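Enquirer: After the structure tokens below, expect a handful of questions from me.
Coordinate-derived values only; no laboratory data. Keep in mind it's a predicted model, so treat the numbers as computed, not measured. Backbone-built Cβ (ideal geometry, glycine too); neighbour counts: all protein chains shown.
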Amino acid sequence: MILRFGGEYSWLSNFFLCQVGQYPSVEHAYQSAKNIEDEHWKETCKNPAITAGKIKRMGAKIELRDDWEEVKIPIMRYLIRTKFSKQNPELTELLLKTGEQQIFEGNFWGDKFWGVDSRTGDGENWLGKLLMKRREELEKERKEESNSKELR
């Protein structure tokens with residue numbers, strides 16, 4: 001069971017630096033998606049010199065798009081799929097190597113939507129759920145590729 005995204009599992013964090021489309025991390029891309037009309041904001045989010053923590057703090061102050069509550073999970077699903085793809089094969093392999101472990105984004109800052117409060121165990125753990133779903137998709141893709149090669 002993975003209970004937090006630190007230490008040997010720091011690569012699971014949205015703050016982990018890796019190319020996600022044109023962004024230096026999932027967090028940068030996610031914050032960019034909060035306001036799709038502000039071109040300056042989108043360019044700011046592409047800047048690798050701005051840490052993921054700082055971009056998150058800056059993102060807390062921008063005006064959210066009207067449909068944010070409806071699109072934030074599908075956006076995160078897309079970003080997780082992008083992070084764990086051929087764009088980042090080493091991360092994809094690491095995710096697959098977690099096997100069938102349950103993944104929880106345990107935290108001490110009280111994020112009960114994306115994670116689980118480490119003190120109380122309360123939380124929806126959407127990030128953990130999306131990571132486990134992506135791992136399942138990758139396993140299925142790998143099996144299909146293997147079966148396809150066997151048929152040749």
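Enquirer: Students often get this wrong, so check it: of LYS46/LYS140; LYS46/LYS112; LYS56/LYS112; LYS112/LYS140, which have C-alpha atoms separated by over 25 Å? Before the final figure, lay out the partial values.
Expert: Values: LYS46/LYS140 32 Å; LYS46/LYS112 27 Å; LYS56/LYS112 17 Å; LYS112/LYS140 29 Å.
In this structure, LYS46/LYS140; LYS46/LYS112; LYS112/LYS140 exceed 25 Å between Cα atoms.
Enquirer: Shifting gears a bit: Using a 10 Å cut-off around each Cβ, can you sort ARG134, ARG142 from fewest to most neighbouring Cβ atoms?
Expert: Fewest-to-most Cβ neighbours within 10 Å comes out as ARG142, ARG134.
Enquirer: Quickly estimate the mean residue ellipticity at 222 nm for the chain, helices only: each DSSP H run with n ≥ 4 gives -39500 (n - 2.57), and the total goes over all residues, rounded to 500.
Expert: Numbers: 6 runs with 74 residues, N = 152.
Per the formula, -15000 deg cm²/dmol.
Enquirer: Work out Dmax and Rg for the chain from the C-alpha atoms and quote the Rg first, both in angstrom.
Expert: Just the Cα atoms of the chain yield Rg and Dmax of 16.3, 55 Å.
Enquirer: Just to compare against my own numbers: the Cα pair-distance distribution for segment 62-152, 5 Å bins, whole % per bin, please.
Expert: For segment 62-152, the binned pair fractions read 3, 13, 17, 18, 19, 14, 8, 4, 2, 1, 0 percent.
Enquirer: Ok, one more. Mind sorting CYS45, CYS18 by how few other Cβ atoms lie within 10 Å of their own Cβ, fewest first?
Expert: CYS18, CYS45
Enquirer: Right, another one. On a straight-distance basis, which aspartates and glutamates could pair with LYS143 in a cross-link, Cα separation under 15 angstrom, same-chain partners fewer than 8 positions away excluded?
Expert: Answer for LYS143, where 15 Å is the Cα cut-off: GLU93, listed by chain and number.
Enquirer: Could you line up SER13, SER148 from fewest to most neighbouring Cβ atoms inside 10 Å? Spell out each step's value before the answer.
Expert: Values: SER13 17, SER148 9.
Ranking SER13, SER148 by Cβ neighbours within 10 Å, fewest first, gives SER148, SER13.
Enquirer: Just list whichever of LYS34/LYS133; LYS97/LYS133; LYS34/LYS54 have alpha carbons separated by over 19 Å in the model shown. Could you put the intermediate results ahead of the total?
Expert: On the way: LYS34/LYS133 23 Å; LYS97/LYS133 14 Å; LYS34/LYS54 15 Å.
Over 19 Å Cα-Cα: LYS34/LYS133.
Enquirer: Same structure, new question: Do any GluC sites (Glu not before Pro) in segment 37-66 lie in a DSSP loop with no more than 15 other beta carbon atoms within 10 Å, and if so, which?
Expert: Details: sites: GLU37, GLU39, GLU43, GLU63; in loops: GLU37, GLU63.
When the GluC sites (Glu not before Pro) of segment 37-66 are filtered for loop state and at most 15 Cβ neighbours within 10 Å, GLU37, GLU63 remain.
Enquirer: Then there is this: For a quick check: with amide H placed at 1.01 Å from N, whose amide H comes under 5 Å from SER25's, ignoring anything fewer than 5 positions away on the same chain?
Expert: Here the answer is CYS18, VAL20, since their amide H atoms fall under 5 Å of that of SER25.
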